[in-house]
Structure formats: structure tokens, C-alpha cells
Amino acid sequence: MSAPSGIERVILVVLDGLRPELITPNWLPCLSGLATSGSHTLSGTTVQPSVTAAALASLFTGVDPTVHGIVGETTLRPRLGHRLTLLPRALATGGVPMVGHMRALPWGTRTLGTLLAAQLGMRTIFGGHEAEGILDRAVATLRAATRGVTYLHWPDADQAGHAWGWMSPHYRAAARRLDAAMARLLDVSGVLHDPRAVLIALADHGGGGQRHDDHDSTHPHDVTIPIMMAGGQVRRGELPGGSSPIDVCATIPWLFGIAPPSGWSGRPLREAFTSAPRIATAVAA
């Protein structure tokens, strides 16, 4: 593969708790079109345990929960003596900034949340409670189309799944809100036909496997996730089944020509691209 002409921006969207079965033309036309027009898998696999904290920790550290130690929503068991290279810091070695847009925090946790986000090495804007509100605050960043990674976390489907059950009417309505927000994001960012840009959208977990209102199990409905990639240099086709958030983590610096740190366990999803970026010297983990 020859190297592509430079990727300048990546948009990373986590569709929290979205089951891949809904990504069909009838239910979610934008996401379905995004999948079929780019590279995708509807049989990706999240980490164990299949909870948001563990999956996002893997997305940002490039390693399995057995290594980073975040094994639940409130439990931290660090592997002392093992140094992790976080995604924003790996990107920073190549001069690539990362900004995150996440839902508003409760008043009492705003200071702590901001401090924790800063430890990632990523500027984070907290605001909005659903996908549309979070996107409202990201529009200026997306329209600027400057070099860097923009991360958005959309909680709609997960919130509805816990409240009313996965695949319930409320859950399906929440999934449709995600679809509408994605359509707006594509319009604002112009990413689909931009050869300098890549969009990566994935779920962190599914839901409704062992329990109708939860996702923490090894049931296929809980661990199977969609992963979709689009952009001017993205091939149309399927990604390998079993691709994971750890692989997505490895893909992002690779797109900018930055070698994934040696301690990361994922592999870049090269199959998605018409050519491979030139790789710089590996970053020590």
C-alpha cells in the first residue's frame, strides 16, 4: 500500500449502548448508509467486562481491562508498575491535539470531572445531555476542520436501555435520535468526501442480553458492537469480525503516521483504507 495524502482530522463518535441489529435502512437510515458506503462490521466485539468504563478505558489506553485495571463502573484495580500511554498523549507526540465533547456533569462533580479529563491530555467540553445537545457544542470545532481528533460521546441509547430496556420503543426512539444527530454531524463536518478526514463511529457495548435493562455479561447481545469508518480515503467493504475498541485506539495515531505505542495490544484497521499512512518511530509505552 502507498501512503495516502495526509489525514488531518479524525472524528471519533461513541454511540453508547447501540445494538448493531438496529443499523438497517428502515430503522437507522443514516447509520445504515454510513456503514454500507464505508468500511464497517456489525459483529465487532467489546471488552470484558462489557461496561462503559472498561470499554472507554480500553479505547483510550489501547489495552485490555486486565491490563488497565478498570473492570467496572466504579472499581479501579490498577496494575502497579505498568505504565500506560493514553491515546491523547500518543497523538501529542506527533503534534496532534484531541478535544472531547461529553454530556454535562452534575454540579457537584464538574470540577473533579474536568480535572480527570485534563489528566488524559485532552481538552474536554462538558455540555448537553443527549446527542443533539452535545453536538451543538461541537459544531464550531467540526466546522473549523483543523488538524486533530474530535471525540464525541452520545449516551442516548444506553440511558434508554437502562430505563426501559434494550430494544424497547423508548430505546428505539433514542437510537433514532442518534441517527438524526449523525446526519447532522455529517452535514456540518463534510467528512464523507474529504480526503483529509476520517469518521470512526462505534458502540462501547450492546445490551439486553442476560437482562433486558443491562449489558454486563458475555451474552452476544451485550458484547457485539458496530464499528463504522467513513471518509474520502476509506474503502467500501467489511472490517474483520471481532474488531474491538482496542483496535480502534491503535488505528487513530496510525492514521496520522504515528506508530501505536509498543505496549498497546490492538492493531490498526488497515483494511478500511485505500492506502496506508507512513509510520513514524514507535512511542515507548
What ranking, highest mean first, results for peptides 33-44, 219-230 when packing means the other Cβ atoms within 10 Å averaged over each residue? 219-230, 33-44
Mean Cβ neighbour count within 10 Å, used as a protection proxy, ranking 256-265, 47-56 highest first: 47-56, 256-265
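Take every DSSP beta bridge whose two residues both sit in the chain, then give the antiparallel share in percent to the nearest 5. Before the final figure, lay out each step's value.
On the way: 11 of 34 bridges.
Here the share of antiparallel DSSP bridges comes out near 30 percent.
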Please say if the range 128-285 is rounded, prolate or oblate, where rounded means a/c under 1.5 for a ≥ b ≥ c the square roots of the C-alpha gyration tensor eigenvalues, and otherwise the choice is prolate for a/b larger than b/c and oblate otherwise? oblate
Work the Kirkwood hydrodynamic radius out for the range 9-272: mean of 1/r over every pair of different alpha-carbon atoms, inverted, in Å. 18.2
Amide H to amide H, which residues 5 or more places from residue 100 or on other chains are under 5 Å from it, using H placed in the peptide plane? 123, 124, 125, 151
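If you place +1 on the Cβ of every Lys and Arg and -1 on the Cβ of every Asp and Glu, how big does the dipole about the Cα centre of the range 9-272 come out, in debye to the nearest 20? Mind showing how you got there, number by number?
Details: 22 positive and 20 negative charges, 175 e Å.
Dipole of the range 9-272, to the nearest 20 debye: 840 debye.
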Placing +1 on each Lys and Arg Cβ and -1 on each Asp and Glu Cβ in the chain, then taking the dipole about the Cα centre, the residue among 162, 11, 202 whose Cα reaches farthest towards the positive end is 11
Quick check: pseudo-label points 7 Å beyond the Cα along Cα→Cβ at residue 188 and residue 140, how many nm apart are they? 1.2
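Given Cα pairs under 8 Å that are at least 6 residues apart, what percent is the relative contact order of the chain?
On the way: 693 pairs, mean separation 92.3, N = 285.
This gives 32 percent for the chain.
Values quoted throughout were computed directly from the atomic coordinates according to the rules given, and no laboratory measurement underlies them. No experiment lies behind these values; they were computed from the predicted model shown. Counting neighbours? That spans all protein chains shown, and the Cβs are built from the backbone with ideal geometry, glycine included.
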